[in-house]
Amino acid sequence: MTTEPGSGRSLLPGSAHHPSRSPGSAGDGFEGGCLTLLAVLIEIPAALVMALSLGMRGLAQSANETNESPGHVGTPPMDWVPVLWLGGFTLAVLVVAGLFLRSGHPFAGSFQLLIGAVVLTVTIAVGTAEYERAHPAPLPRCPTQAGVPCAPQNPTAPPGNDRGSTGHQCRSGGDSDECADSGR
């Protein structure tokens, strides 16, 4: 442990106490505000460039999907690029927030943590949307209502309406009272 010169107070190792200014002086707020403004002015163009490039990439992919051959069947694979780019940007913002907090600028660090939380929310939303695009819900079995897409039936599957033990085709698969040709 070291002592502060001239006061005899002991300082903890790694303490960033400067004798020329007190921790609560007005210069810290102004300096923190300037650092926050500087960081935001750097992050905004970086976010705009990233959004523009990801948007153009999405447009190119949608144009490519509409021009695919008619025989192409299946869902597209998950696109990890937007998720990784946004995750990297989130990580960079959180690292800057940690550096500000570590260097004794709580206002700048807190503001960067707030920005990091917003960007993390966007990253999770984009990742969820990409997952849902790559893993769509299964289609209902055919036949369905007109205009509703459906999955073709498996040729090895049993027929849609169950023929009960009497061999009659029933409307609901129920007992013989509901069968169309049961004679009742």
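Just so it is clear, none of the values below were taken in a lab; they were calculated from the coordinates. It should be emphasised that the depicted structure is a prediction, and the values quoted were computed from it without experimental measurement. Cβ atoms come from the backbone with ideal geometry, glycine included; neighbour counts cover every protein chain shown.
For segment 75-92, 3J(HN,Hα) computed residue by residue from phi via the Karplus equation (6.51, -1.76, 1.60; θ = phi - 60°) reads 8, x, x, 5, 8, 8, 4, x, 5, 5, 5, 5, x, x, 5, 4, 4, 4 Hz, glycine and proline entered as x.
Summarising the label geometry, the points placed 7 Å from Cα in the beta-carbon direction at Leu59 and Ala117 lie 3.5 nm from one another. Within the shell of other residues whose beta carbon sits under 15 angstrom from the beta carbon of Leu54, the net charge comes to 0, with Lys and Arg scored +1 and Asp and Glu -1.
Each of Ile42 and Arg133 was given a label point 7 Å from its Cα along the Cα-to-Cβ line. The distance between the two points is 3.1 nm. Distances between placed amide hydrogens fall under 5 Å for Ser103 paired with no residue 5 or more residues away or on another chain.
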